[in-house]
Amino acid sequence: MLATLPAHAQDAPQTDLQRIKITAGMHQIDAQVALTPEQRQIGLMFRKEMPQHEGMLFVFEQPAGQCFWMKNTLLPLTAAFVADDGTIVNLADMKPQTTNSHCSAQPVRYVLEMNQGWFAKRGIKAGSKLGGQPFSGRN
């Protein structure tokens, strides 16, 4: 039974990561932060639901071409590839349980995954800026 598995079990979602607040215009995002290679690899895998105001921010050591896929990810997501200053470089809608690569249009250090349609419903697109840590100051 899934409920009896420890949170770090390979087929269980990770829900206990550090959280930060990110802003997108007037909208607040409660983002889990995936900092380590293991946290980034698991990402939002195995989550059956995610509240509309929540997401996951993937933080990489330095800017690079970042590519994401949806293996073992049950929710349709949109990935925002984000420059160091918080500017969204490009967005990619991703279908659940697929292995298609969705890549940044230029090197980035941050990728924010939200429920699919979250950005579009709020008119947030490439060129829009995100605020809050880590975008408002260098870390």
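The values are calculated or read from the model by the stated rules, or taken from the named source; none is laboratory data. Predicted model, so just to flag it, every value in this text is computed and none were measured. Positions of Cβ are generated from backbone atoms using ideal geometry, with glycine treated the same way; all protein chains shown enter the neighbour counts.
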### Query
Going through the stretch 94-116 one residue at a time, which ones are within 17 Å of Arg47 (Cα to Cα), surrounded by fewer than 15 Cβ atoms within 10 Å (Cβ to Cβ) and in contact with a Pro (Cβ under 9 Å, 6 or more places away or on another chain)?
Lys95, Pro96
### Task
Sort out which residues of the stretch 55-85 are out of contact with any helix residue (DSSP H, G or I) (no Cβ under 6 Å at 6 or more places or on another chain), surrounded by 19 or more Cβ atoms within 10 Å (Cβ to Cβ) and of a type outside the set (A, V, I, L, M, F, W, C), and write them in order of number.
Gly55, Gln66, Thr73
### Message
Tell me whether the stretch 34-44 contains one or more residues that are part of a strand (DSSP E or B), on the phi < 0 side of the Ramachandran plot and either touching a Leu at 6+ places or on another chain (Cβ under 6 Å) or surrounded by 15 or more Cβ atoms within 10 Å (Cβ to Cβ) (or both).
### Response
yes
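Taking the options Ala31, Ala12, Ala7, name whichever one is modelled with pLDDT under 95 and surrounded by 12 or more Cβ atoms within 10 Å (Cβ to Cβ).
Ala12
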#### Entry: In the stretch 81-123, the residues that are touching a Cys at 6+ places or on another chain (Cβ under 7 Å) and not hydrophobic (A, V, I, L, M, F, W, C)
Ser101, His102
### The listed residue being modelled with pLDDT under 95 and out of contact with any Gly (no Cβ under 6 Å at 6 or more places or on another chain), out of Gly25, Gly55
Gly25
### Task
Starting from residues that are in contact with a strand residue (DSSP E or B) (Cβ under 9 Å, 6 or more places away or on another chain) and among the aliphatic types (A, V, I, L, M), keep the ones in the stretch 59-80 and report whichever is nearest to Gln97 (Cα to Cα).
Met70
### Query
Which one of the conditions (1) over 17 Å from Gln14 (Cβ atoms); (2) touching a Gly at 6+ places or on another chain (Cβ under 6 Å); (3) at pLDDT 95 or above; (4) not acidic (Asp, Glu) does Leu112 fail to meet, given that it meets all the rest?
(1)
